[in-house]
1. Provide Asp145, Asp197 in ascending order of the number of other Cβ atoms located within 10 Å of each residue's Cβ, fewest first.
2. Using the Cα centre of the chain as the reference point, and only Cβ charges (+1 on K/R, -1 on D/E), how large is the resulting charge dipole? Debye, rounded to the nearest 20.
3. What fraction of the Cα pairs in the chain, stated in percent, has a spacing above 22 angstrom?
4. Evaluate the distance, in nm, between pseudo-label points positioned 7 Å from the Cα of Leu29 and of Ser179 along their respective Cα→Cβ axes.
5. Explain nothing, just compute: Karplus ³J(HN,Hα) = 6.51 cos²θ - 1.76 cosθ + 1.60, θ = phi - 60°, for every residue of segment 104-114 in order, whole Hz, x for Gly and Pro.
6. Kindly list the residues of segment 15-32 that lie in the label zone of Leu59, defined by a backbone N under 18 Å from the point 7 Å along the Cα-to-C-beta vector.
Amino acid sequence: MGEAIMVNITADARFMRNTGIVLLLLAVLAFAPRYFVPLVSGSYAPPSPWMHPHAIFALMWTAIFVVQPWLIVSGNVHWHKRVGYLALLVAIGNVISGVALQLDVLPTSADDFSNVVGGGFRLFHSTPAFVLFLCLAIGMRRRTDWHLRFMYQTAIAAIATILGRIYLFYGHLPENIISPLIPIGNLAFVLLLPVYDFLKYRRVHPASWIGLAAFVVFQAIASPIVFSDFWINIATGGG
């Protein structure tokens, strides 16, 4: 029985590691046109002092999501625990710098889709989801199957921002098309986990169902807030 569990956990960790690599590549791709390329060329002007710290913390978090499952696969449980302490500090820095950055660039103009609509979803959907699943992952750290799945949800919490930039910079799509495509793409990453469960085990893990349910709830709560006059007035300074 113990060997079967290890095989399952190893398979789960491989899936998480591979997904983490994809997420890391997508993040670099998404932020290359407006961040990495101008930064390297020396032409980048940060919109806020929080921009660089948040970029560092966010990339570190995604990289940790690649490293931690890899440590499980390779049997380095001791190092997995050590990196876990660093991960907690990075997660806290990620949340603080992300919220501070978003608030610092507001108010903005009404046509600033990325910070009016996108910023609203980051504050009312992505960040609360990240914090929720981080807490659940910490609480279930001794049950690796649950822990990995909750950590997966933290890793994809910012996928909406990543997809939005990819649609804009590489698809050259208008905002009215990008707006519905972002939650569809986000949902695809949420569904990827229960699909993996079913293909691997012919059943869906309860933690994966929780991830899907949380996405639906957060989307249902955040959407009316983000598109409300109340939020738009705050985001634009009433302009």
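Please treat every number below as a calculation from the coordinates, not as lab data. Computed from a predicted structure; not experimentally measured. As a convention, Cβ positions derive from the backbone with ideal geometry for all residues, glycine included, and neighbour counts pool all protein chains shown.
1. On the way: Asp145 16, Asp197 21.
Ascending number of Cβ neighbours within 10 Å: Asp145, Asp197.
2. Working: 14 positive and 9 negative charges, 185 e Å.
Dipole size: approximately 880 debye.
3. On the way: 15406 of 28441 pairs.
Within the chain, distances greater than 22 Å cover 54 percent of Cα pairs.
4. 2.6
5. 6, 8, 9, x, 9, 6, 5, 8, 7, 4, 4
6. Within reach of a label on Leu59: 20-32.
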